[in-house]
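To start, the structure itself, in structure tokens.
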Amino acid sequence: MSQYLVTETHNKQRLDHVLNEILGQQENSPSRSLLRKWIDEGCVRVNDEAISKAGYKLKTGDQLSWDIPEVKTLEITAEDIALDIVYEDADLLVINKPVGMVVHPGAGHGSGTLVNALLHHCQDLSGIGGVERPGIVHRLDKETSGLLAVAKNDMAHQALQQQLQARVMKRCYYALAEQGFRDDQGSIEAPIDRHPIERQRMAVVEGGRFARTHWQVVKRFEGYTWLALELDTGRTHQIRVHLRHVHHPIVGDSVYGTKRKHAFKVERPLLHAYRLSFRHPRTDLEISLEAPLPEDFSRILEILDKKQKS
């Protein structure tokens, strides 16, 4: 059990930020996402009380302690899995990820992931993301399709992650949301954190991490709206949580959606990362790429369009 007595320097600072500052000085320091996972799991205590909120504000004199579980490194093998490569050069590649593909290995997903495929396609990948996430700059949920950037070296990885943090990299999505929108465009600004009870879910939570999503109506249907959205921040499940928050959940979302019955078959949240824009880490030239809607999304839009015209 490691301990730290909070000083005036860290008074009123977030728990995860302080822990990151302390452990970041160590060799093989954990990522911020891993730190938040440990906090969620009750591995961190303040004054001998387990604190499961990463944004908890510490006070001078607090006794911070943590018992970090041993990290088990996965054995990750290269697999010959076909990839839809939209762009590739010596520094990076951009993949059009299909519905159903998991990005990185984890519990229950030791093979068949994007990382397994990338290890076969590339001779060496950036290690900044860790052994289990080599080269992965950002992520998409298993059932979300679309564009995802992968760095081939440390220089590209650092540069692209800095663009994410500075909001230079633009990530745009299409979604089919329930019900109609009164306005043609707008923004949703609401803090996101772990659901206070259902820890596997995210939610709009007071004191959570700042999150903002911009949206614009592409087309209106009876009872549905096709939206184009742009992430201003990149919180876990951000678009899904924000649309639920404004009572327009994504069609097919079994976690954040409703039990509404549809006149068509839908088996996953209709969310697609259709555009990715960034500045090339070596040349600084702007790159903007697009991926067409997958078959299931297009099919449902056609059904709604025909119904509206009939």
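The values are calculated or read from the model by the stated rules, or taken from the named source; none is laboratory data. Quick caveat, the model's predicted, so the values are computed rather than measured. Counting neighbours? That spans all protein chains shown, and the Cβs are built from the backbone with ideal geometry, glycine included.
Among the residues of this structure, Arg240 counts as one that is touching a residue at least 12 places away in the same chain (Cβ under 8 Å), assigned to a helix (DSSP H, G or I) and surrounded by 20 or more Cβ atoms within 10 Å (Cβ to Cβ).
Going through (1) touching a helix residue (DSSP H, G or I) at 6+ places or on another chain (Cβ under 7 Å); (2) surrounded by fewer than 16 Cβ atoms within 10 Å (Cβ to Cβ); (3) farther than 29 Å from Ala291 by Cβ; (4) of a type in the set (A, V, I, L, M) one by one, Ala54 falls short only on (2).
Selection within the range 243-275: residues that are hydrophobic (A, V, I, L, M, F, W, C) and in contact with a His (Cβ under 9 Å, 6 or more places away or on another chain). The member of this set that is surrounded by the fewest Cβ atoms within 10 Å (Cβ to Cβ) is Val255. Got a sec? Which of His272, His247 is in contact with a Phe, Trp or Tyr (Cβ under 6 Å, 6 or more places away or on another chain) and either on the phi > 0 side of the Ramachandran plot or in a strand (DSSP E or B) (or both)? One residue alone meets the criteria, His272. Within the range 210-222, track down each residue that is part of a loop (DSSP other than H, G, I, E, B) and surrounded by 15 or more Cβ atoms within 10 Å (Cβ to Cβ). Answer for the range 210-222, where residues must be part of a loop (DSSP other than H, G, I, E, B) and surrounded by 15 or more Cβ atoms within 10 Å (Cβ to Cβ): just Ala211.
The conditions of being in contact with a Leu (Cβ under 6 Å, 6 or more places away or on another chain) and part of a strand (DSSP E or B) are met by Leu147. If you check Leu118, Leu140 for being modelled with pLDDT of 90 or more and farther than 22 Å from Pro30 by Cα, only one passes: Leu118. Among the residues here, Leu285 does not qualify as hydrophobic (A, V, I, L, M, F, W, C), modelled with pLDDT of 95 or more and surrounded by 14 or more Cβ atoms within 10 Å (Cβ to Cβ). Scanning the range 143-162 for residues that are modelled with pLDDT of 95 or more and not aliphatic (A, V, I, L, M) gives Glu143, Thr144, Ser145, Gly146.
Residue count for the range 25-47, restricted to those that are buried (at least 16 other Cβ atoms within 10 Å of the Cβ) and either in the same structural domain as Gly106 (by TED's automatic domain parsing) or modelled with pLDDT under 80 (or both): 1. Entry remark, the range 165-193: residues being buried (at least 19 other Cβ atoms within 10 Å of the Cβ) and either touching an Asp or Glu at 6+ places or on another chain (Cβ under 6 Å) or assigned to a helix (DSSP H, G or I) (or both) number 1 in total. Look at Glu79 and say whether it is at pLDDT below 95, part of a loop (DSSP other than H, G, I, E, B), touching a helix residue (DSSP H, G or I) at 6+ places or on another chain (Cβ under 6 Å) and surrounded by fewer than 17 Cβ atoms within 10 Å (Cβ to Cβ). For Glu79, the condition - at pLDDT below 95, part of a loop (DSSP other than H, G, I, E, B), touching a helix residue (DSSP H, G or I) at 6+ places or on another chain (Cβ under 6 Å) and surrounded by fewer than 17 Cβ atoms within 10 Å (Cβ to Cβ) - is met. Residue-level check: of (1) in contact with a strand residue (DSSP E or B) (Cβ under 6 Å, 6 or more places away or on another chain); (2) closer than 21 Å to Val103 by Cβ, Tyr256 misses just (1).
Applying the selection to the range 175-213, what residues are touching a helix residue (DSSP H, G or I) at 6+ places or on another chain (Cβ under 7 Å) and more than 15 Å from Asp40 (Cα to Cα)? Ala175, Leu176, Ala177, Ile188, Ala190, Val204, Ala211, Thr213 - these are the residues of the range 175-213 that are touching a helix residue (DSSP H, G or I) at 6+ places or on another chain (Cβ under 7 Å) and more than 15 Å from Asp40 (Cα to Cα). I need the full set of residues from the range 275-310 which are in contact (Cβ under 8 Å) with a residue 60 or more places away in the chain and part of a loop (DSSP other than H, G, I, E, B), in order please. Scanning the range 275-310 gives His280, Pro281, Arg282, Ala291, Leu293, Pro294. Taken over the range 58-70, the criterion of being farther than 21 Å from Leu34 by Cβ and crowded, with 16+ Cβ neighbours inside 10 Å is satisfied by Asp62 alone.
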